[in-house]
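Read through the structure below, which is laid out as structure tokens, and then see the notes.
Laboratory data are not the source of any read-out in this text; all were calculated from the coordinates shown. Computed from a prediction, not measured in an experiment: that's the story for all the values here. Every residue, glycine as well, gets a Cβ built from its backbone with ideal geometry; the counts of neighbours run over all protein chains shown.
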Amino acid sequence: MAKTVLKNILQILIILIFNNFLAQKTPEKLPKNVVNDTISKKDTIVVKKEALEDILRTKADDQRRDVPKKMTFLNKNAQVKYQDMQIDADYISIDDNKNLIYARGKQDSLGKIIEPVITTQAGKKYETNEFSYNTKTRQAIAFNARTEENEGVITAQKTKKYNDSVFAMRNADYTTDEYYIKKKDTASDYFMRASNIKLIKTKNKSQIVTGPIQMYIEKVPTPLILPFAILPFSDKRAAGILIPSFGEREDVGFFLNGLGYYQPIGEHFDLKVLADIYTKGSWNVRPQMNYLKKYRYSGTFTADIGTMVRGIKGLDDYTKNSTYRIAWTHTQDTKANPFLNFTASVDIVSTKFYNNPLNNNYIFNQNVLNTQQNSTVTLTKRFLKLPATITATTSYAQNFATGLADLRLPQMNVAINQFYLFKSKTGVRQGLLENITVNTGFNLTNFVNTQESELFTKAMWDKMQTGLKNNIALGTNTTVAKYFTFSLSANIDNALTTKTLKKYYDPVKNVDVDEIQKNVAGYSTFSSSASLQTTLYGMLKFKKGAAVEAVRHMMTPSLSFTYSPDFSSPGFGYYRNYYNAEGALTPYSIFEKGIVGSPSSGVVGALGFNIGNNIEMKVKSKSDSTGVKKIKIFESLNLSGNYNFAAKTHPWSVFSINGQSSFFNNKLSVNTSLSLDPYKIVFAPGATQGVRTEQFGHFSVQGFNVQLSYPLTSELFGEKTDYAKKYPAKGEVRNENYYFDDDNYAHFDQAWTLNINANYAYSKGLSALGTKIASVGLDGSIKLTPYWNINGSTHFDLVTKDLAYTRIGFSRDQRSFTINFNWVPFGQYKVYDFFIGIKANILSDALKYKDRSFTQPNSPF
């Protein structure tokens, strides 16, 4: 028996020595199955391919070889190295017959794995409970495998490796929770679970392809289920599903908002298609395309098309309306062409779009309060040698209250750069002549005000007006008597238009008729003004020891005189007369309701005044390093008015007072305005409208407005706590940091903000009653914990005693995702919206958390 064993051992040794000799003699440049013949280069001997293509290196604290069964057993601190793979485990067995390597993690007394098998291949690390690898087929099977991919980790009950590029996994969870990846926590704060996952790796990127996949938060399943998912692991843009928010709205039912797909298109484009689905039948589709060419231009094209269904079909409250919105923004990089610039900001909506918003973001962002929408496309041309700038503009303005639209197509402005009329003799401009500046330009406009239904129809073109205006402005200034600034200016306006107005009385219909006539007409007007301005300073000092040290007053008075002739006189031909329905001779301008405006009527020879004031005081302050603090009583307080010497009646204008100030370390901002009529207004018995008399000196209030805003913060109501110094210990509960006192109670900074806005406006004019507008608005936020935040806003109408638009929201910043909730509890649009977004960069395309754009750091260009 011993002889037989010794014989077998000798045979094995001879074979190993022979194989080792062949391996040493085989040149590196030849394949391993080809042996070089020293006699002839053409003669080769093909050696049978071995099961192992590389040397199998092993080590362990305890190694045992079963020769008859061709098995090797490694126990404790076992390691196997083969090609680019390394396996570290508590137990490893090698089966030469089956070409199989089996590894198992360390077990406790109950057989539970307490230390995993670590497999490293091509620099990639895998953790499993059990692992088997076939050296011949290169396929592997792992149980409870943990695989890290970029910013995420996959944990699967069973994983099969088909080759170096394809892995199939069953009952797998994927998460990007950093704490779980770094093993700071044994459970992830969220994961996505799929029964089947395929991991595909290529040279440049890798990706996960799954069947049905469901999101779990803190191991609790959520209703966020996708029929499939493709998760790309790449720094480049990749396609992916867009996760929606969900909630309920009173008028349209339960909804999914923002469900869609993201698809990059080439280097410079990407496409996002979103859908809003409502249980009561409403739907909305929102395609969006972004484009960018670095150092050239960038832009976004968005459409918003849907059908709003309200009520129950067959009942009186049932309505069904189509809505649309088309938006386009384009921005040209300043480096692209400094002499030619093109920009666009187009936003066109259906008339009742904001009254029927299907996208809930319009409610939360208060777009439903919009009363007007504007669109503009602009082309600007500058010249290297010519002192001129040409700007061509097309604009479109929608008024939702009237249903009318203003279209300017096109509008061109030619502006000549400001220049001095006379050269300086000394190099330093002095006196009135050397300081004369000239500003001039031309403006061509095609304008129409029409109904949306008439756009680009014959009715619209018939209403279109064309006008050309030229303005020449001359100005100069100089210093008089060291302390006064004297200014002179003159304005000349020239205008041409293709349509004029003819007014007459129609006795048949008994109405005044405005008839637009198609003929070319023009006018020229001019005006001049002179002004004198200075600055005065005053200081009032108090006794030493007083809380107020001094009050400083800066006054800026100015006087101006303006003159323009009466362009309504018959000699100019700009005004005509007609007898109205009451038989009174009534003057009117033939340029009324025109695009170029009307010349002024009546001689103007007005002396105007303006008194500007700035009042500050110095008070003692212990908090200031200088011991003194400046407080602004009035940042500005202006009084203005004028007296028209040429006016036959009411030469005095309405007096205006405007003030602006801030208090409490510039926190409380106050803006006020007051209008005073110097003439007495009388009312007939029972009349609601008064008559302005010639009695001067009564100064009745015609209008008053005050606006206040005050941002309150937690820092204003106490000193900021230095938690690191005050409390002895700092700890972390999951991802939230706290400071702990001696009794182990947690402390943290509960920062909060509250912005208060108040507005009061009173307008009277010649009315006996007047109108009032008064409201108070609040918006703010508070951090319940370092990662819990509640925010909201509301407005209260003090006149109607009603709450206006109100929104409440909260957000939770988790380790790897964010929860957002918004709620409008009452009003026309009662809605709540819930959204969960994942933060990881690798999921920013596949499972959209925020809208990805070309300008983000991960952009490839």
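A few notes on this one:
- Environment charge of S350, counting only residues whose C-beta is closer than 9 Å and scoring Lys/Arg +1, Asp/Glu -1: +1
- Qualifying aspartates and glutamates (Cα of each under 15 Å from Cα of K629; at least 8 residues distant if same chain): E549, E616
- Between the C-alpha center of segment 426-447 and that of segment 506-560 there is a gap of 22 Å.
- Cβ-Cβ distance of A415 and I516, R₀ of 30 Å, FRET efficiency by 1/(1 + (r/R0)^6): the value works out to about 0.50.
- Folded to 0 to 90 degrees: helix 2-25 orientation relative to the chain principal axis, Cα: 50
- Cα gyration tensor shape for segment 629-697, rounded if a/c is under 1.5, else prolate or oblate: oblate
- Applying both filters, DSSP loop and at most 15 other Cβ atoms within 10 Å, to the chymotrypsin sites (Phe, Trp or Tyr not before Pro) of segment 280-387 gives Y295, Y318, F339, F383.
- Multiplying the residue separation of R170 and F254 by 0.36 nm and subtracting their alpha-carbon distance yields 26.8 nm.
- Trypsin sites (Lys or Arg not before Pro) lying in DSSP loop within segment 305-367, provided at most 16 other Cβ fall within 10 Å: K313, K335, K352
- Gyration tensor (alpha-carbon) shape descriptor, segment 52-138, a/c threshold 1.5: oblate
- Shape category assigned to segment 715-831 from the gyration tensor of Cα positions, a/c cut at 1.5: oblate
- A simple count of charges around T323, restricted to other residues whose Cβ falls under 13 Å of its Cβ and scoring Lys, Arg +1 and Asp, Glu -1, yields +3.
- Estimated from helical segments only, the mean residue ellipticity of the chain at 222 nm is -1500 deg cm²/dmol, where each DSSP H run of four or more residues counts as -39500 (n - 2.57).
- When the pairs K81/K205; K124/K183; K469/K680 are compared against a 29 Å limit on Cα-Cα distance, K469/K680 fall above it.
- Contact order for segment 327-478, expressed relative to its length and based on alpha carbon pairs under 8 Å spaced 6+ residues apart, stands at 16 percent.
- Trypsin sites (Lys or Arg not before Pro) within segment 782-820, DSSP loop, no more than 13 other Cβ atoms inside 10 Å: K801
- Relative contact order, percent, the chain [alpha-carbon distance under 8 Å, six or more residues apart]: 6
- Separation of the T649 and T120 label points, Cα + 7 Å toward Cβ, nm: 9.9
- Normalised by the number of residues in segment 533-606, the average gap of Cα pairs under 8 Å and 6 or more apart makes the relative contact order 27 percent.
- Under 14 Å from K125, Cα to Cα: aspartates and glutamates that are on another chain or at least 8 residues apart: D84, D88, E148, E149, E151, D164
- Note on Kirkwood radius over Cα pairs in Å: of the candidates (1) 30.1; (2) 34.6; (3) 36.9, the value calculated from this structure sits at (3).
- Straight Cα distances below 29 angstrom link K280 to the lysines K272, K313, K320, K352, K830, K848, K850, with same-chain residues fewer than 8 positions distant left out.
- Each Lys or Arg adds one and each Asp or Glu subtracts one; over the other residues with Cβ under 12 Å from the Cβ of K335, this totals +2.
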